[in-house]
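Some notes on the structure that comes next.
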Amino acid sequence: MKRTLGTCYYPEHWSRDIWERDAQQMADLGLTWVRIGEFAWSRLEPSPGQFDFEWLDQAIDILGRAGLRVVLGTPTATPPRWVVDKHPDMIAVDAQGRPRKFGSRRHYCFSHAGYRDETARIVTILAKRYGKNPYVAAWQTDNEYGCHDTILSYSDAARNEFRGWLRARYAGAGNDGDIDALNAAWGNVFWSMEYSDFDQIDLPNLTVTEPNPAHVLDFRRFSSDQVVRYNRLQVDILRQYTDAPIAHNYMGRITDFDHYDVGRDLDIASWDSYPLGFLEDRVTASEDHRALFYRQGDPDFQAFHHDLYRAVGRERWWIMEQQPGPVNWAPYNPAPLPGMVRLWTWEAFAHGAEAVCYFRWRQAPMAQEQMHAGMLRPDSVPAAAYHEAAQVMAELADAPAVTCPKGDVALIFDYQSQWAWEIQPHCQGLSYFDIVFDVYRAMRSLGLSVDILAPDTQDLDAYGVVFAPGLMHIPAALEQAMAATQARVIHGPRSGARDASFNIPDGLPPKIANLDATVSYVESLRPSVQIPLAGGGAMRSYREHLETQAEAILTTTEGAAAMVEQGSVAYVCGILDDAGWRRVVENECDRAGIVTLDLPMGLRTRVTETERFWFNHLPHQITWNGMTVPPAGVIRQAKS
């Protein structure tokens, strides 16, 4: 697969007389892709039914004639003021009951029928006009679903549609809703929360104390399904008029909807990579870690999302927006270390990206993002990222096609488990995402290439070891696949701790096939408390006490089980620190005959079918195993 570069461009922001110059400069740089249009609704339809497509026709023609390929975005993330005036109740409502105001973006509620109609109308008009345009080579639906906490809406529209969703989920005879089934599933006898009709059910916000966790979990499932439904509406329309591939651009650590479910309707998964911004507001890390990597980004956060979206896209994925310089939205916004834009680009390619598109072509001189760097400064002088992109372009000339082989190990990531941990963390700051990411970080520090798997994966036999930490509920099909596989499966903590309705299963957790163990009780630990493990590492934050005859293969210094195994199944009964997870991963790989590397801090590697890549995420050179990698450096080696 050929690697390509691109950028994000906003012709509506600039005078028409510089479009040709911009297009030619993009082409001269070697770019292939230009994404446009995703925020342009007010310029496409300034007032209801009054359209202006001339400027977009010209922009697409200019870009296409320069040899560039256009990714056309549907403009539904930014409904204009007149749409809000027409549908004033389309505005999303936050958990405190406050409507989100016009004046930014993503201000719609996925459940509003009127806005869905407006979406269908504008997408249909665009698809008819540009679906067969030879220069429009791909489409993007909307923009960054879930960004700015915009999945969960507590509007009247959401409440009404949630009731209908519940009727369908708890259908009885004749497919009518069975309220008794819902009451039983949710355990509503507790605190006299029982309902006699679905119309009595409200949304799980503004309750006196915490709402019923089963109620909240179903609301999270419903909210995710609304995103899937909304995205599918756009995809179904586009497919009537175009054969071009369709993508959506996800964001880092946005977990409020199931990306696998959305991805099944798309051809390509893309995501927006902002390593320095994410380090400041989305990576759980110590202040020392942030200080060390403040100009490089976390060494594993981007790679984790590369592998996640490779799974979401079923091997087809892009970077739709790559950070080119300082961003405007994080608590602190440093400039990347020289060489990091190149490193981030090559790291994405090493994980199988088809394209990396830099955000944005030219820095905006107005509005919310004027402090966000581009490939060009506002005065059109090339910025640092422009020159690093040119370097990558020159290096791509002799780069082989990229194909990612099967990973050394597999790691299951499940959005519903993330919701369950958020609903019932049991300890301040506990996060399913962080547990999975800690395991991933241990894998990467040992030089492993990782395949992230969806929880509906049926075939696990391709791997020697499969890690599945924190799967609060294990779906029946996955449970069967785990029971049947020849791979070693590493569970815990809280794996199989709840059924699909958020109830403790009969017989107590963990409900895991081929493991005879019972969690007798759990405890959460203060941040200052750690329980040392015999041989190194520690348990922190959360601990489970087991009753089992399974063999303890990892213990505390006091002799209590920290990890047990029974046949090919193992269970870690607590949250481990970095050293503890690294021990677990290294030991399991050793038993499976998988080669690991003792990499120094900041050095990471990735293998494709033809090359091995080495990435130095540190601000100084690393010398290891006879190889010297410069700061922010990338070394490519032909695979032997």
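The values are calculated or read from the model by the stated rules, or taken from the named source; none is laboratory data. Bear in mind that the values here come from a model prediction, so they are computed numbers and not experimental data. Positions of Cβ are generated from backbone atoms using ideal geometry, with glycine treated the same way; all protein chains shown enter the neighbour counts.
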Legend entry - Unique match (being touching a Lys or Arg at 6+ places or on another chain (Cβ under 6 Å) and either more than 24 Å from ALA120 (Cβ to Cβ) or surrounded by 18 or more Cβ atoms within 10 Å (Cβ to Cβ) (or both)) among PRO299, PRO211, PRO275: PRO299
Legend entry - Among (1) touching a Cys at 6+ places or on another chain (Cβ under 9 Å); (2) over 30 Å from LEU343 (Cβ atoms) - the single one THR596 does not satisfy: (2)
Legend entry - Unique match (being farther than 24 Å from ILE452 by Cα, out of contact with any helix residue (DSSP H, G or I) (no Cβ under 7 Å at 6 or more places or on another chain), in contact (Cβ under 8 Å) with a residue 60 or more places away in the chain and surrounded by 23 or more Cβ atoms within 10 Å (Cβ to Cβ)) among MET340, MET320: MET340
Legend entry - Matching residues in region 89-105 - criterion: being under 23 Å from GLN234 (Cβ atoms) and surrounded by fewer than 18 Cβ atoms within 10 Å (Cβ to Cβ): ASP89, PHE102, SER104, ARG105
Inset, instruction - Starting from region 128-155, keep only residues that are farther than 24 Å from VAL227 by Cβ, then list their pairs with residues that are aromatic (Phe, Trp, Tyr) and crowded, with 21+ Cβ neighbours inside 10 Å whose Cβ atoms are within a distance under 9 Å, requiring at least 6 positions of separation or different chains. - result: TYR130/TRP139; VAL136/TYR130; ALA137/TRP33
Legend entry - Residues of region 501-523 satisfying the condition of being buried (at least 16 other Cβ atoms within 10 Å of the Cβ) and either in contact with a Lys or Arg (Cβ under 9 Å, 6 or more places away or on another chain) or without any contact (Cβ under 8 Å) to a residue 40 or more places away in the chain (or both): PRO509, PRO510, LYS511, VAL519, VAL522
Inset, instruction - Tell me, yes or no, whether region 86-95 has at least one residue that is assigned to a loop (DSSP other than H, G, I, E, B), of a type in the set (A, V, I, L, M) and touching a residue at least 60 places away in the same chain (Cβ under 8 Å). - result: yes
Inset, instruction - Would you mind finding the one in TRP19, TRP55 that is touching a helix residue (DSSP H, G or I) at 6+ places or on another chain (Cβ under 6 Å), assigned by TED's automatic domain parsing to the domain that holds VAL356 and modelled with pLDDT of 95 or more? - result: TRP19
Legend entry - Checking THR557 against (1) surrounded by fewer than 16 Cβ atoms within 10 Å (Cβ to Cβ); (2) under 23 Å from HIS426 (Cα atoms), the condition it does not meet: (2)
Legend entry - Qualifying residues in region 478-512 (those that are in a loop (DSSP other than H, G, I, E, B) and acidic (Asp, Glu)) - the one farthest from the chain's Cα centre (by Cα): ASP506
Legend entry - Tally, over region 601-628, of residues that are surrounded by fewer than 14 Cβ atoms within 10 Å (Cβ to Cβ), within 27 Å of the chain's Cα centre (by Cα) and not aliphatic (A, V, I, L, M): 1
Inset, instruction - Name the single residue, out of those in region 121-141 being assigned to a helix (DSSP H, G or I), hydrophobic (A, V, I, L, M, F, W, C) and in contact with a helix residue (DSSP H, G or I) (Cβ under 6 Å, 6 or more places away or on another chain), that is surrounded by the most Cβ atoms within 10 Å (Cβ to Cβ). - result: VAL123
Legend entry - Within region 620-640, tally of residues that are assigned to a loop (DSSP other than H, G, I, E, B) and among the hydrophobic types (A, V, I, L, M, F, W, C): 1
Legend entry - Those helices (runs of 4 or more DSSP H) lying entirely in region 230-305 with at least 2 residues without any contact (Cβ under 8 Å) to a residue 24 or more places away in the chain and in the same structural domain as ARG316 (by TED's automatic domain parsing): 287-292
Inset, instruction - Collect the residues in region 373-391 that are in a loop (DSSP other than H, G, I, E, B) and in contact (Cβ under 8 Å) with a residue 24 or more places away in the chain, keeping them in residue-number order. - result: ALA373, GLY374, MET375, SER380, ALA383
Inset, instruction - Mind telling me which of the residues GLU144, GLU118, GLU161 ends up being acidic (Asp, Glu), surrounded by 18 or more Cβ atoms within 10 Å (Cβ to Cβ), within 22 Å of the chain's Cα centre (by Cα) and at pLDDT 95 or above? - result: GLU144
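Per-residue answers, yes or no, for (1) without any contact (Cβ under 8 Å) to a residue 12 or more places away in the chain; (2) of a type in the set (Gly, Ala, Ser); (3) closer than 26 Å to ASP461 by Cβ; (4) not in a helix (DSSP H, G or I):
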| residue | (1), (2), (3), (4) |
| --- | --- |
| CYS357 | no, no, no, yes |
| MET371 | no, no, no, yes |
| GLN416 | no, no, yes, no |
| TRP421 | no, no, no, no |
| VAL436 | no, no, yes, no |
Legend entry - Residue in region 171-189 that is among the hydrophobic types (A, V, I, L, M, F, W, C), modelled with pLDDT of 95 or more and assigned to a loop (DSSP other than H, G, I, E, B) present: yes
Legend entry - Criterion violated by ILE452 - all others in (1) in contact (Cβ under 8 Å) with a residue 60 or more places away in the chain; (2) part of a helix (DSSP H, G or I) satisfied: (2)
Inset, instruction - Of all residues in region 316-354, count the ones that are touching a Leu at 6+ places or on another chain (Cβ under 8 Å), in a loop (DSSP other than H, G, I, E, B) and under 23 Å from ASN143 (Cα atoms). - result: 5
Legend entry - Subset of region 539-549 (residues that are part of a loop (DSSP other than H, G, I, E, B) and modelled with pLDDT of 95 or more): none
Legend entry - Criterion (acidic (Asp, Glu) and under 30 Å from GLU609 (Cβ atoms)) met by exactly one of ASP379, ASP398: ASP398
